[in-house]
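Take a look at the structure below.
The values are calculated or read from the model by the stated rules, or taken from the named source; none is laboratory data. Worth saying up front: this structure is predicted, and the values here are computed from it rather than measured. No Cβ is skipped: glycine too gets one built from the backbone with ideal geometry, and neighbour counts run over all protein chains shown. Heads up: the accessible areas ignore ligands, DNA and RNA and are worked out on the full protein's heavy atoms, side chains in. Shrake-Rupley method; radii C 1.70, N 1.55, O 1.52, S 1.80 Å.
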Amino acid sequence: MAPCAQAVTYLTQEQALALAFENPSEAKKHSILFDETHRKIIEQKLGEKLDQHGILAYTGRLKSGGRGTLLFDAVIGKHELIDYMVVLDADAKVCFIEMLAYRESQGGEIRRKNWREQFAGKSDKAPPEHEKNVVNISGATLSCRHVTEGVRKLLIIASVYEDELGLKKER
């Protein structure tokens, strides 16, 4: 018997924008398509091939204060996609992450606040690492691992496109 997947949408993109930005309608949309030069830099930093062509991001004034960037992405859980977002402050450090949609029959615990809070303050220079500085959740190992890797990937992409996204360079 095949497992029954339960798709749950927690937030739409519009709701995600409202969660992150003071005035979501004023957030600037960035549809970034990776050119060959940037792709090579990202892949070098990742240590693996990048299997996507671009990323959707928004920049604007964050509800938490200051300017920041919201990046949308999706990763595979065990079998199904997990849609999530990462909100960065102007210094390209994670303010918070949030799950937008979860389609697996197990592992939805990654949406718990205490698990997501582990990503706060992480950056390209101090990235999240599964089972090192991001704890695993029993029964959600693949979801934990893949979201952690996805956040790390987005931090690298943000560092490569920091000028386009209005992020400060770390010195």
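Open to solvent by less than 10 Å² (accessible area, probe 1.4 Å), in contact (Cβ under 8 Å) with a residue 24 or more places away in the chain and in contact with a Ser or Thr (Cβ under 6 Å, 6 or more places away or on another chain) - does that describe any residue in the range 93-100? No, the range 93-100 has no match at all.
Is one or more of the residues making up the range 73-84 out of contact with any Lys or Arg (no Cβ under 9 Å at 6 or more places or on another chain) and modelled with pLDDT under 95? The answer is yes, given that some residue of the range 73-84 is out of contact with any Lys or Arg (no Cβ under 9 Å at 6 or more places or on another chain) and modelled with pLDDT under 95. Taking into account only those residues within the range 124-148 that are touching a strand residue (DSSP E or B) at 6+ places or on another chain (Cβ under 7 Å) and touching a residue at least 40 places away in the same chain (Cβ under 8 Å), which is surrounded by the fewest Cβ atoms within 10 Å (Cβ to Cβ)? Here the residue is H146. Is it true that E104 is closer than 25 Å to C144 by Cβ, at pLDDT below 95 and out of contact with any helix residue (DSSP H, G or I) (no Cβ under 6 Å at 6 or more places or on another chain)? Considered against the rule, which asks whether it is closer than 25 Å to C144 by Cβ, at pLDDT below 95 and out of contact with any helix residue (DSSP H, G or I) (no Cβ under 6 Å at 6 or more places or on another chain), E104 comes out as yes. Starting from residues that are open to solvent by less than 70 Å² (accessible area, probe 1.4 Å) and touching a residue at least 40 places away in the same chain (Cβ under 8 Å), keep the ones in the range 107-123 and report whichever is nearest to the chain's Cα centre (by Cα). For the range 107-123, the residue satisfying everything is S123.
For the range 1-86, give me every one of the strands (runs of 3 or more DSSP E) that falls completely inside it and has 2 or more residues that are more than 16 Å from the chain's Cα centre (by Cα) and surrounded by 14 or more Cβ atoms within 10 Å (Cβ to Cβ).
Numbers: elements: 28-33, 54-61, 67-76.
Result: 54-61.
The condition (being without any contact (Cβ under 8 Å) to a residue 12 or more places away in the chain, closer than 16 Å to L155 by Cα and out of contact with any Gly (no Cβ under 7 Å at 6 or more places or on another chain)) is satisfied by just one residue among E14, E48: E48. Scan the range 149-171 for residues that are open to solvent by 20 Å² or more (accessible area, probe 1.4 Å) and in a loop (DSSP other than H, G, I, E, B) and the total you get is 5. Can we say E129 is in contact with a Ser or Thr (Cβ under 8 Å, 6 or more places away or on another chain) and over 25 Å from R61 (Cα atoms)? Spelling it out, E129 is indeed in contact with a Ser or Thr (Cβ under 8 Å, 6 or more places away or on another chain) and over 25 Å from R61 (Cα atoms). Quick one: would you say E104 is part of a helix (DSSP H, G or I), more than 13 Å from the chain's Cα centre (by Cα) and among the acidic types (D, E)? Criteria not met by E104.
For K122, the stated conditions hold: it is farther than 20 Å from A7 by Cα and at pLDDT 95 or above.
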